[in-house]
1. Using beta carbons and a limit of 7 Å, which pairs, at least six apart or on different chains, have the first residue in segment 86-114 and in contact (Cβ under 8 Å) with a residue 60 or more places away in the chain and the second one among the small types (Gly, Ala, Ser) and surrounded by 15 or more Cβ atoms within 10 Å (Cβ to Cβ)?
2. Got at least one residue in segment 82-103 being among the β-branched types (Val, Ile, Thr), closer than 17 Å to residue 17 by Cα and modelled with pLDDT of 95 or more?
3. Of all residues being among the aliphatic types (A, V, I, L, M) and assigned to a helix (DSSP H, G or I) in segment 81-102, which is surrounded by the fewest Cβ atoms within 10 Å (Cβ to Cβ)? Just the residue, please.
4. Output the qualifying pairs, or none if there are none: Cβ atoms under 9 angstrom, residues six or more apart or on different chains, first residue in segment 30-55 and touching a residue at least 12 places away in the same chain (Cβ under 8 Å) and under 25 Å from residue 20 (Cα atoms), second residue surrounded by 14 or more Cβ atoms within 10 Å (Cβ to Cβ) and of a type in the set (Gly, Ala, Ser).
5. So the check is Cβ under 6 Å with 6+ separation or different chains; which pairs have a first residue in segment 56-85 that's under 15 Å from residue 43 (Cβ atoms) and a second one that's surrounded by 11 or more Cβ atoms within 10 Å (Cβ to Cβ) and β-branched (Val, Ile, Thr)?
6. Tell me, which residue of segment 54-80 that is part of a helix (DSSP H, G or I) and of a type in the set (A, V, I, L, M, F, W, C) is surrounded by the most Cβ atoms within 10 Å (Cβ to Cβ)?
7. For segment 36-45, give me each residue that is part of a loop (DSSP other than H, G, I, E, B) and surrounded by 16 or more Cβ atoms within 10 Å (Cβ to Cβ).
8. Any idea which residue in segment 1-52 is nearest to residue 85 (Cα to Cα), counting only those that are within 14 Å of the chain's Cα centre (by Cα) and among the β-branched types (Val, Ile, Thr)?
Amino acid sequence: MAHVVFYEKPGCGGNNRQKQALSDSGHVVEARSLLSHPWTADELRGFFGARPVAEWFNRAHPKVKSGEVDPTAFTAEQALALMLAEPLFIRRPLLQVDDRRETGWDEEMVRAWIGLGGNGVGEGCPKGEAHAPCPTPP
């Protein structure tokens, strides 16, 4: 099975379910904080591949949900600058196995890439969209 570097928001219930699904599928998960990693624009850009810039964003970020920040209005350079300044804008998890990097939890992609058993756990928050955001860890 695979050694998965899993960049997460520590304490995120959705990320916890995703890590468990990977572990239950026989993978070794190395969890790292998305918030404290010393990102560079080039390193972060490597996770997004050919995805449109709007798909790089955490859709559950309060400023995205409220419409204050419109992910479709950003160039790649602007999006990276915002994400480096405020990593909570980064769509998570970020996944790395060997040299391949991906963003977001697309179960079909993960299943085809490294294998994934069990029932789907989804990308969103297990508490639903209506609840207040989880606190950012110190």
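The values are calculated or read from the model by the stated rules, or taken from the named source; none is laboratory data. Remember, it's a predicted structure, so these values are computed and weren't measured experimentally. Please note: Cβ atoms are built from the backbone with ideal geometry, for glycine as well, and neighbour counts cover all protein chains shown.
1. Taking only residues 6 or more apart or on different chains, the pairs are 97/2; 114/2.
2. Within segment 82-103, one or more residues are among the β-branched types (Val, Ile, Thr), closer than 17 Å to residue 17 by Cα and modelled with pLDDT of 95 or more.
3. As a first pass, look at segment 81-102 and keep what is among the aliphatic types (A, V, I, L, M): 81-85, 88, 90, 94-95, 97.
With assigned to a helix (DSSP H, G or I) added as a condition, the list becomes 81-85, 88.
Details: 81: 13, 82: 18, 83: 23, 84: 15, 85: 8, 88: 17.
Per the stated criteria, the residue is 85.
4. 48/79; 55/104
5. The qualifying pairs are 76/53; 79/53; 83/90.
6. Of everything passing the filter in segment 54-80, 56 is surrounded by the most Cβ atoms within 10 Å (Cβ to Cβ).
7. Hit for segment 36-45 is 39, nothing else.
8. Step by step, filter segment 1-52, then rank; the result is 5.
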